[in-house]
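> Pasting a structure here, questions to come.
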Amino acid sequence: DGRLTFFPGNQTVDLPFINFMKRYGTVFLNAYTNSPICCPSRAAMWSGLFTHLTESWNNFKGLDPEYVTWMDLMEKHGYHAQKFGKLDYTSGHHSVSNRVEAWTRDVHFLLRQEGRPMVNLTGDRKQVRVMEADWRNTDKAVNWIKEEAVNLTQPFVLYLGLNLPHPYPSPYAGENFGSSTFLTSPYWLEKVTYEAIKIPKWSSLSEMHPVDYYSSYTKNCTGEFTKKEVTNIRAFYYAMCAETDAMLGEVISALGDTGLLSKTVVIFTADHGELAMEHRQFYKMSMYEGSSHVPLLVMGPGVKEQQQIPNVVSLVDIYPTMLDIARIPVPQNLSGYSLLPLLREKAETEMSPGRARPSWVLSEFHGCNVNSSVYMLRTGKWKYLAYSDGSSVLPQLFDLTADPDELTNVAIKFPEIVHSLDKLLRSIVNYPKVSSSVQEYNKQQFISWKQSLGHNYSSVIANLRWHQDWLKEQKKYENAIDEWL
């Protein structure tokens, strides 16, 4: 969650290396994902293109093989390129449940898709390495810096992708379980200031926007939660952020030990945030700040120190920024804009003579746990959300200055703002048309999948992540799908 990188969010947990980057570099106060879920978000970051252009609709449908990433171009221009850890921007990954839940979101049924969010404390005060796989990848990156990068005669670009901070799989939820367990050790939990944890306000279920209600239900969050449960989920999430920060620290320290830190640009960001029980939800797949607002910090030669940038920026800006830093010509068709003019000590306009940065960012979502395509436009103090075809589901408008917790939809109060923001949104993306093509894609994908299973269809679909609800009235849900098809 990007808000943890600046005041007041950063009062809840000790993140020494995020703070180090702020001290010696620049923090973006309003950085957003272009799609708040792993694969579509990363597809946007690696391609520099909005989700409706890449058609990376869900966690199964990512970038097609012909896309040229910024790393491909850097390699072509003489950079030594190295990747470790989670990439997750190409098609075909994630579970069958992830796919089918995204495809069937237009079906008129309501089924819990996730395990109920919960916490799990592991190990003791000495246990530092909770997320073993991430630590192994961090070790690989550190060793590569110390053994390879230090001896290179050409410039290098290193990418390290971590899974943390991300809830863990919850085996109690069945074989196709989701990831709803927040797991940490006492070592990391001690980095969290419990007194600073804010308990989010919740609207009553009857007052919720219909799309929010669907999300809360499918995420198994409509039941009762005690204040202690909510506090713990949030605390454990912050502890997982502290563990992530330590991995960042290992990389920064390795650059420091090898004398590379003063001549290397370091960028820290994320594919999406975590709601951690805000708006009666956990996970991502939402345009609320906890899910869509991401961290973005940059430090290195020529980058202004102790700078806080209020401009709205998004992950598609990473592509032109990487090329700009490397002095590689930036392709003209990109959705993003180089961040270099904002980062520089002096305004080096000759470096980036390109297009003027717009005053808005776009995020969109077409995957599971949400029963409609969602489009978010953030500009100035406003956050505008349009759904589906723009008329069948009511829009939302939030004034982030007056209402940072996004509890009051003021769309009815400010019809002229809604009208002008909707017009701007339609000039960027023909969203009713995109929504319609996603619906068509979902149906076609589901039909092919169903046909590929033959006689096994009934038993396979019954045992996906929603099995605990599905098996109570299997025939009813199968009929709902048939009706939809």
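> Suppose each label sits 7 Å from its Cα in the direction of the beta carbon; what would the Ser437-Leu471 distance come out to in nanometres?
About 4.1 nm separates the two model spin labels.
> I'd like the accessible area for Leu424: 1.4 Å probe, protein heavy atoms, all chains in place, Å² to the nearest 10.
50
> In addition: Any chance you could check the Cα centroid distance between the range 409-458 and the range 360-400 for me, in angstrom?
Answer, in whole Å: 11.
> Accessible area per residue for the chain in Å², computed with a 1.4 Å probe and the full protein assembly in place, what is it? Intermediate results must be reported in sequence, preceding the final value.
Values: 20340 Å² over 485 residues.
Here the per-residue accessible area is 42 Å².
> Here's something else I'd like to know. Could you check the simple spin-label distance between Lys423 and Gln332, using points 7 Å along Cα→Cβ, in nm with one decimal?
2.9
> Right, something else. Simple spin-label model, 7 Å along Cα-to-Cβ: Glu478 to Glu66 in nm?
Simple spin-label model gives 4.1 nm for this pair.
> Another question, if that's okay. On the protein heavy atoms, probe 1.4 angstrom, tell me the percent of accessible surface of the range 87-223 carried by carbon and sulfur. Don't skip to the end; give the middle numbers.
On the way: 3290 of 6440 Å².
C and S atoms contribute 51 percent here.
> Name the residue from Asn34, Ala44, Gly259 whose Cα lies farthest towards the positive end of the charge dipole of the chain, charges +1 on Cβ of Lys and Arg and -1 on Cβ of Asp and Glu.
Farthest towards the positive pole: Gly259.
> Anything over 31 Å Cα to Cα? Flag those among Lys76/Lys450; Lys86/Lys443; Lys198/Lys433; Lys140/Lys198, in the order listed. Could the numbers behind the result be given before it?
Working: Lys76/Lys450 42 Å; Lys86/Lys443 29 Å; Lys198/Lys433 40 Å; Lys140/Lys198 37 Å.
Checking Cα-Cα distances, Lys76/Lys450; Lys198/Lys433; Lys140/Lys198 exceed 31 Å.
> If you don't mind, there's one more thing I want to ask. Quick one: check the C-alpha center-to-center distance for the range 66-91 versus the range 261-323, whole angstrom.
So the separation of the two Cα centres works out to 19 Å.
> Please compute one quarter of the surface area of the Cα convex hull for the chain and express it in square nanometres. Before the final figure, lay out each step's value.
Numbers: hull surface 91.2 nm².
Directional mean of the projected Cα hull area for the chain stands at 22.8 nm².
> With a sphere of radius 12 Å drawn around the Cβ of Val370, what net charge do the other residues whose Cβ falls strictly inside it have (Lys, Arg +1; Asp, Glu -1)? Write out the running numbers ahead of the final one.
On the way: positive: Arg105, Lys219, Lys284; negative: Glu101, Asp106, Asp212, Glu364.
Result for the local shell: -1.
> Using +1 at the C-beta of Lys and Arg and -1 at the C-beta of Asp and Glu, which of Leu453, Asn479, Ser436 has the Cα lying farthest in the positive direction of the dipole of the range 414-485?
Of the listed residues, the answer is Leu453.
> With +1 assigned to the C-beta of every Lys and Arg and -1 to the C-beta of every Asp and Glu, and no other charges, what is the dipole magnitude of the chain about the Cα centre in debye, to the nearest 20?
Details: 47 positive and 52 negative charges, 47 e Å.
Roughly 220 debye for the chain.
> State to the nearest 20 debye the size of the charge dipole of the range 367-410 about its Cα centre, where the only charges are +1 on K and R beta carbons and -1 on D and E beta carbons. Mind showing how you got there, number by number?
Details: 3 positive and 5 negative charges, 28 e Å.
About 140 debye.
> I'd like the FRET efficiency for Arg355 and Ser91, computed as 1/(1 + (r/R0)^6) with the beta carbon distance as r and R0 of 30 Å, rounded to 0.05.
Working: r = 30 Å, r/R0 = 1.00.
Between Arg355 and Ser91 the formula returns 0.50.
> Shape call for the range 245-386 from the C-alpha gyration tensor, a ≥ b ≥ c root eigenvalues: rounded (a/c under 1.5), prolate (a/b greater than b/c) or oblate?
Working: a/c = 2.27, a/b = 1.38, b/c = 1.64.
Cα axes put the range 245-386 in the oblate bin.
> Here's something else I'd like to know. Treat every Asp and Glu Cβ in the range 42-184 as -1 and every Lys and Arg Cβ as +1, leave all other atoms uncharged, and give the resulting dipole magnitude about the Cα centre to the nearest 20 debye.
Working: 15 positive and 16 negative charges, 88 e Å.
Here the size comes out at about 420 debye.
> Quick one: net charge of Tyr237's neighbours, Cβ under 14 Å, K/R +1, D/E -1? Mind dumping the intermediate values first?
Working: positive: Arg3, Lys191, Lys198, Arg234, Lys284; negative: Asp1, Glu229, Glu243, Asp245, Glu274, Glu278.
Once all neighbours under 14 Å are counted, the net charge is -1.
> Continuing with the same structure: Please state the shape class of the range 93-191: rounded when a/c is under 1.5, otherwise prolate if a/b exceeds b/c and oblate if not, all from the C-alpha gyration tensor. Write down the numbers at each step before the final one.
Details: a/c = 3.84, a/b = 1.55, b/c = 2.48.
Judged from the Cα gyration tensor, the range 93-191 comes out oblate (a/c at least 1.5, b/c at or above a/b).
> May I ask you to derive the FRET efficiency for Lys198 and Thr153 from their Cβ-Cβ distance with R0 = 51 Å, giving the value to the nearest 0.05?
Details: r = 51 Å, r/R0 = 0.99.
FRET efficiency, Lys198 to Thr153: 0.50.
> Give a quick list of GluC sites (Glu not before Pro) in the range 108-173 that DSSP marks as loop, anything other than H, G, I, E or B, with at most 13 other Cβ atoms within 10 Å. Mind showing how you got there, number by number?
Values: sites: Glu114, Glu132, Glu147, Glu148; in loops: Glu114, Glu148.
For GluC sites (Glu not before Pro) across the range 108-173 that sit outside H, G, I, E and B with at most 13 neighbouring Cβ atoms in 10 Å, the list reads Glu148.
> Picking from Gly390, Val330, Gln307, whose Cα lies most toward the positive end of the charge dipole for the range 289-412 (charges on Cβ: Lys, Arg +1; Asp, Glu -1)?
Of the listed residues, the answer is Val330.
> Take the solvent-accessible surface of the protein heavy atoms, probe 1.4 Å, and return the percent of it on the range 265-306 that carbon and sulfur atoms account for. Walk me through the intermediate numbers first.
Numbers: 400 of 910 Å².
Roughly 44 percent of what the probe reaches on the range 265-306 is carbon or sulfur.
> Add +1 for every Lys or Arg and -1 for every Asp or Glu among the other residues with Cβ under 13 Å from the Cβ of Leu400, and state the total.
Values: positive: Arg3, Arg378, Lys381, Lys383; negative: Glu289, Asp399, Asp403, Asp405, Glu406.
Once positives and negatives cancel, what remains is -1.
The values are calculated or read from the model by the stated rules, or taken from the named source; none is laboratory data. Keep in mind that what you see is a predicted model, and the values were worked out from it rather than measured. As a convention, Cβ positions derive from the backbone with ideal geometry for all residues, glycine included, and neighbour counts pool all protein chains shown. Just the protein is used for accessible areas: all its heavy atoms, side chains included, with ligands, DNA and RNA removed. Shrake-Rupley method; radii C 1.70, N 1.55, O 1.52, S 1.80 Å.
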